[in-house]
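A short worksheet on the structure shown next.
We did not get these values from a lab; they are worked out from the coordinates using the rules stated. These numbers were taken from a predicted model, which means no experiment stands behind them. Cβ: placed from backbone, ideal geometry, glycine included. Neighbour counts: every protein chain shown.
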Ligand SMILES: [Zn+2]
């Protein structure tokens with residue numbers, strides 16, 4: 001993960017104070033002490049708190065030494081990611097580090113746990129008992145508050161990561177993020193909680209020290225897995241006690257009898273552990289070796305799993321072999337085994353789509369930018385990045401069939417009011433259908449998940465209220481356009497597509513405008529499953545037709561894609577009538593993890609073609625359109641309006657539906673904001689009205 005500090009609203013430390021402090025510290029810092037040395041000199045493990053009470057000995061568990069020393073005050077490392085199995089010492093590292101910081105009186109520290117209960121239990125059952133064993137340290141602590149401990153140099157706060165308030169209130173140079181995979185992936189619309197916290201720490205620059213430790217969960221969703229991959233990926237290399245061959249202990253070479261097969265075939269037995277794990281410089285040859293040369297030197301990442309537990313502590317090699325055999329018999333145990341014992345993210349069974357198969361659904365003769373026959377209502381979805389907008393226009397027709405009409409990437413800065421100009425021109429535009437009629441977008445969903453306040457201001461300028469309407473000039477009259485400010489809901493809780501605005505959906509921080517405008521909820525997982533299902537059915541029908549040498553029922557497809565003039569792709573002269581391959585890659589970027597029961601977006605994947613589709617379909621189901629509720633007679637009326645059978649391509653529009661033009665010509669743009677309209681005016685309006693249909 002990249003720490004774009006500017007992306008977060010982080011209070012920066014006062015530079016003058018920083019310089020003064022640094023100056024002072026340059027004179028007062030004692031000789032360089034490493035965290036591991038401090039622990040060896042001071043740390044006592046309380047009875048009942050660890051398997052081996054008494055004096056801490058790093059030699060007992062050598063792989064922890066380097067990880068701890070990354071957190072030392074003079075270390076060049078700023079970020080340490082420790083991806084690990086359960087019970088391998090990650091929490092002890094955190095306690096040793098906290099003791100070191102307090103004892104040396106360095107600065108303030110945050111210990112973050114996923115939820116309040118865990119924060120309390122970390123403080124009362126792990127930290128406090130450890131401190132009680134070290135009277136000199138205890139004497140330095142001025143307060144006896146469970147979650148806030150003062151000492152000369154700073155305060156240690158124990159916080160929980162699912163509270164925006166907690167995250168906002170605290171900033172510290174040292175941050176220990178425990179069990180980061182359990183943190184909210186999006187907190188208050190500001191992104192993943194661990195990134196928000198990290199960005200705060202990183203505002204201290206070189207002086208920041210961040211330690212994230214976790215047993216990983218599901219691949220693609222796991223923060224620690226992502227952090228490990230971005231770091232320098234250190235594995236603990238050991239030498240075979242027989243042949244001296246260098247290797248990493250890998251589960252593939254663990255034998256059912258609890259021995260490891262050396263890469264050269266020797267038998268390594270469990271009792272060899274102690275000597276084999278001893279490090280270079282400490283009487284042995286083992287060492288951490290980075291496997292990712294691309295990582296910045298300040299970002300270290302470590303992987304350690306159950307086979308590296310000290311002899312006599314944790315699972316024996318035989319235990320691990322037995323558990324593996326059990327997980328192979330009962331696959332329900334496999335995720336737990338991979339996470340807790342192997343310390344790796346679980347790659348579950350997944351439903352995914354091949355972008356080439358989806359691209360092959362594109363239909364020759366259907367053009368990007370033209371509404372195909374059968375497309376009677378246009379809706380749009382807008383997704384926002386820091387310098388551009390992604391917009392998809394979709395048409396809906398009878399039987400809730402959907403057509404992809406347009407997909408554009410529009411430059412603009414969402415933090416500036418003027419940044420929305422080009423987007424707005426696009427949304428006010430019209431699209432010709434194959435009969436030559438200009439159609440405007442009936443409903444737009446604009447993602448307010450990021451830059452919420454600025455996006456809310458934009459929606460307010462257009463329609464005052466999220467769900468309000470404005471009038472779009474189609475060249476032969478006006479058509480209503482309803483604009484919604486929306487935000488995705490968390491995957492596990494969404495059970496339907498459309499959620500009305502709730503006050504609590506809006507973070508306190510964004511209260512004024514977003515709350516007054518109203519944020520509608522998007523059940524993203526429901527809509528993704530829907531779109532995925534439409535595509536899967538179309539691919540299945542295509543395959544069936546090929547196998548049966550039968551005609552394919554293309555009209556029956558629930559979703560259709562423009563294929564331009566058809567034929568081979570010519571890269572030097574791309575066909576503007578079809579969507580590029582990148583579109584289809586983006587549309588299929590996410591997959592459904594069957595075991596996790598959730599949609600997964602691989603880290604950094606370009607998924608806007610899918611997200612904008614989710615919002616566009618959402619807009620067609622929102623109250624302004626309610627495509628799922630449209631009656632046959634209403635579809636017939638729309639067909640009469642936009643697809644008249646007797647009228648040629650370039651003839652004038654029929655006069656059948658003139659009531660709305662007349663109505664709107666007498667009350668032009670000042671009526672663009674329906675919340676200010678009179679009840680009578682609203683009642684008189686026809687077409688796509690706010691409260692559903694009134695044809
Ligand atoms: Zn060997």
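One table, with the values for the structure above:
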| read-out | value |
| --- | --- |
| Protection proxy ranking, peptides 582-588, 364-370, 221-227, average beta carbon neighbours within 10 Å, highest first | 221-227, 582-588, 364-370 |
| Rounded if a/c under 1.5, otherwise prolate or oblate - the range 275-324, Cα gyration tensor axes | oblate |
| Anisotropy class of the chain from Cα gyration tensor, a/c 1.5 cut | prolate |
| Mean separation of Cα contacts under 8 Å (6+ apart) over length of the range 221-315, as relative contact order % | 38 percent |
| Point-to-point label distance, residue 322-residue 136, nm (Cα→Cβ direction, 7 Å offset) | 4.3 nm |
| Helix 15-28 vs. the chain, principal-axis angle (Cα, 0 to 90°, nearest 10) | 10 degrees |
| Segments 277-283, 258-264 sorted - mean Cβ within 10 Å per residue, highest first | 258-264, 277-283 |
| DSSP-defined beta bridges in the range 73-218 - what % are antiparallel, rounded to 5 | 20 percent |
| Full-stretch length increase - residue 565, residue 632 - with 0.36 nm per residue and alpha-carbon distance subtracted | 20.9 nm |
| Cα long-axis angle, helix 452-463 against the chain (0 to 90 degrees, to the nearest 10) | 10 degrees |
| Highest average packing first - 543-554, 80-91, Cβ atoms within 10 Å | 80-91, 543-554 |
| Residue exposure sequence - 471, 334 - by fewest surrounding Cβ within 10 Å | 334, 471 |
| Label zone at residue 37, where the point sits 7 Å out along the Cα-to-Cβ direction: the range 76-101 residues whose backbone N lies under 18 Å | 76-77, 96-101 |
| Extended-chain gain in nm, criterion 0.36 nm per residue less alpha-carbon gap, residue 415 and residue 500 | 28.0 nm |
| Whole-number percent relative contact order across the chain, with pairs defined as alpha carbons under 8 Å at least 6 apart | 12 percent |
| For the range 358-434: relative contact order, % (alpha-carbon pairs under 8 angstrom, 6 or more apart) | 30 percent |
| Fewest-first ranking of 109, 629, using other Cβ atoms within 10 Å as the exposure measure | 629, 109 |
| Structure-based [θ]222 nm, the chain - -39500 (n - 2.57) summed over DSSP H runs of at least 4, per residue, nearest 500 | -8500 deg cm²/dmol |
| Cα gyration tensor, the range 34-150 - rounded (a/c under 1.5), prolate or oblate | rounded |
| Degrees, to the nearest 10: 632-642 long Cα axis against longest axis of the chain | 70 degrees |
